[in-house]
1. Tell me which of these B:Glu299 doesn't satisfy, since it passes every other one: (1) at pLDDT below 85; (2) within 30 Å of B:Phe16 (Cβ to Cβ); (3) open to solvent by less than 50 Å² (accessible area, probe 1.4 Å).
2. Checking the conditions here, which among B:Leu138, B:Leu146 is in contact with a helix residue (DSSP H, G or I) (Cβ under 7 Å, 6 or more places away or on another chain), open to solvent by less than 20 Å² (accessible area, probe 1.4 Å), farther than 22 Å from B:Leu38 by Cα and away from chain A (no Cβ under 13 Å)?
3. With respect to the numbered conditions (1) buried (at least 21 other Cβ atoms within 10 Å of the Cβ); (2) at pLDDT below 90, which one is the sole condition not fulfilled by B:Ala218?
4. For region A:201-225, name all the residues that are closer than 19 Å to A:Thr22 by Cα and more than 10 Å from every other protein chain (Cβ to nearest Cβ).
5. Before we move on, is A:Asn180 at pLDDT below 85, assigned to a loop (DSSP other than H, G, I, E, B) and either hydroxyl-bearing (Ser, Thr, Tyr) or at negative phi (or both)?
6. Would you please name the residue that is modelled with the highest pLDDT, looking only at residues in region B:76-91 that are open to solvent by 30 Å² or more (accessible area, probe 1.4 Å) and within 7 Å of another protein chain (Cβ to nearest Cβ)?
7. Identify, by number, the condition in (1) basic (Lys, Arg); (2) in contact with a strand residue (DSSP E or B) (Cβ under 9 Å, 6 or more places away or on another chain); (3) without any contact (Cβ under 8 Å) to a residue 24 or more places away in the chain that A:Arg77 doesn't meet.
8. Go through (1) out of contact with any strand residue (DSSP E or B) (no Cβ under 9 Å at 6 or more places or on another chain); (2) away from chain B (no Cβ under 14 Å); (3) open to solvent by less than 40 Å² (accessible area, probe 1.4 Å) one by one and return the number of the condition A:Ile51 breaks.
Amino acid sequence: MFGRIAPIILKEFIQIRRDPRTLAIVLAMPAMQLLLFGYAINTVVDHLPTIVFDESRDAQSRAFAAAFHNSGYFDLRAQAHSRAEAVAAVDTGEARVALLIPPEFGNHLLRGQQALAQLVVDGSDPNTAQTALFAAGMVAQVQSGEAVASLAERLGRGSAASGIELRPVVLYNPSMLSVNFMIPGLIGLILQFQTLILTAFAIVRERERGTLEQLVVTPIRSWELMLGKIIPYVATACMAVGVALAVGRFWFGVEVAGSLPLLAALSLIFLLSSLGVGLFVSTISQTQTQAMQLAVFIMLPSVLLSGFMFPREGMPFVIQQLGLLIPLTYFLQILRGIILKGVGMEVLWPNVLPLALFGLAVFGLSANRFRKRLG
Amino acid sequence: MTTEAIIDVRGLTKRFGDLVAVNDVSFAVQRGEVFAFLGPNGSGKSTTIRMLCGILEPTSGEGRVLGFDIAREGEQVKEHIGYMSQRFALYEDLTVRENLEFYAGVYQVPGSERKTRLVELIDMAGLRGRERQLAGQLSGGWKQRLALGCAIVHQPPLLFLDEPTAGVDPVSRRRFWTMIYGLARTGVTVFVTTHYLDEAEHATRVAMIHGGVLRALASPAELKRGALQGHLLSLVCDTPMQAVALLERAPGVREVALYGTTIHALIDPAQQTAEGLSAWLGDVGITVHGATRIEPTLEDVFISLIGAP
């Protein structure tokens, strides 16, 4: 049964070895993407350049500004000499945040009155602005608590701890590193990209060079050709995931919390859909350029809408629903579930089910189309 | 078995929508023949060959190739034939040997025979010493011979060649045909489409197809003898273009065609002679330098058949 598939697979591997482009996609890309995304895409914002205009100039105001600095979220870069100068620094982008402390700040605080300070935030990047506001709120809350406590002490009423104190615990990614969040997503993206592009290319290349015309006249059946084309690229995709997991483990220290065999099995289910799309692309492209354009066109929504880069929770309802039509959406839940949370099928099945249905449908339809187009 | 037709086609028809690409074509090819399928581009040659190879289903009619039904047993047909197209479908990033090995695998040549078969083919194609060279680095003639080697790696009794010499230099073309006739002598039946009329001259039989219709089928000698009604004259004269226009109205002239600066005129021997035609041309003011009766070529026959000027 595998008599005619083996020579195709062998030939495909020889061609991969001789083609530097394919080789680069298989070996260099996963490591490169991981390093790039691991370092460049850091969604955690800190050390925001901050300018201070302190009109109060006393111990209280200095302590308040220092608390901002010590939070790690703000870097006090400069002291402004006027309100206008502070705001101008934000305008020019020299600072992302300006902290304005009015003259009566220290006195009000000492007297137990409400002390006002103003925070000017560059809102052009909402994510940064939100982090700044959140962090500033925390700093102010802590400072105000301390001020109340010291006031109470001075008034001789002891330092009775009172009020609500929230102590949050972050599960799964306690240090909240972006890279921990990115690695599972990247594995999904690499799997999808490699199988889709390389499978489509391998078939379209034969059409482009006229060898497909010859293969059609040989006894090779269409399903044999299909398997012969798919198997090598499933193998290389597995290699790429291996590289990605290794870089994640040994470079970024991200360990797979859950079961590796389960990860492998569910990855194969995910591959059905991207192989199917690859086959589909191969049936409607005459040249590799067309195949590439089509592949990018198809992959872009899955990068944007699957939750790989942007949280789906923040998307409008309609877009969220559209995201449910993308296999990567489900696979990302599975990947993050296994790699970060270490959960198993008992939790993942609501994602596995649609993924398997999608995969079978897309692969079945594309394989059928491939068979007809070849005859 | 020896008299059984290798290819037997009856009423073969293929329609693509309104277009009738192949129209009610019937013929039979015997073992060991070199059967040339001659026709201009778009005449239905490739469509016919695709149906014979079992990759295109006929709209109507039936055909058997090596005893297999081309509509229902396409897979068996494919296992037993060799096929080579003008595009020499080689993998340019594989070496000479890797290409041969790939097709040997695809055609399931048994492992025990594979090694000797590959050596045979490499020698036949004159590629010894180049086994490790990439196919893409070979020149046209080498590629063509390697493609032939790949097509016959499984020793098929029937070989289809679809315009195999298009774009190859004359020396390589000759060498290629020497190989083809060598194969035919060993009993391989060769079905070849071409639009090179000189290639068809050497075929056992020639089928001429035009507009999807089979116009003639005979040996080259028979075609030349029987297809032309009358005598063929070769005329050399001044202002040949003008002469052709005039000759179309001359008495006893059936057909006129221009070959370079020479005019071929088909005359009815009962009404006209070489001398008479020369005199007639002289009368209308054209100087004739020579008028001789010649043996027609396949080109004359073909042009006569399709009714083109």
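The values are calculated or read from the model by the stated rules, or taken from the named source; none is laboratory data. Note that this is a predicted model, so its numbers are computed, not measured. When we count neighbours, we look across all protein chains shown, and the Cβ atoms used for this are built from the backbone with ideal geometry, even at glycine. In case anyone asks, the SASA skips ligands and DNA or RNA and just uses the protein heavy atoms, side chains included. Shrake-Rupley method; radii C 1.70, N 1.55, O 1.52, S 1.80 Å.
1. Checking B:Glu299 against (1) at pLDDT below 85; (2) within 30 Å of B:Phe16 (Cβ to Cβ); (3) open to solvent by less than 50 Å² (accessible area, probe 1.4 Å), the one that fails is (3).
2. B:Leu138
3. The failed condition is (1).
4. Listed by number, the residues that qualify are A:Phe201, A:Ala202, A:Ile203, A:Val204, A:Arg207, A:Glu208.
5. No: the conditions fail for A:Asn180.
6. B:Glu79
7. (3)
8. (1)
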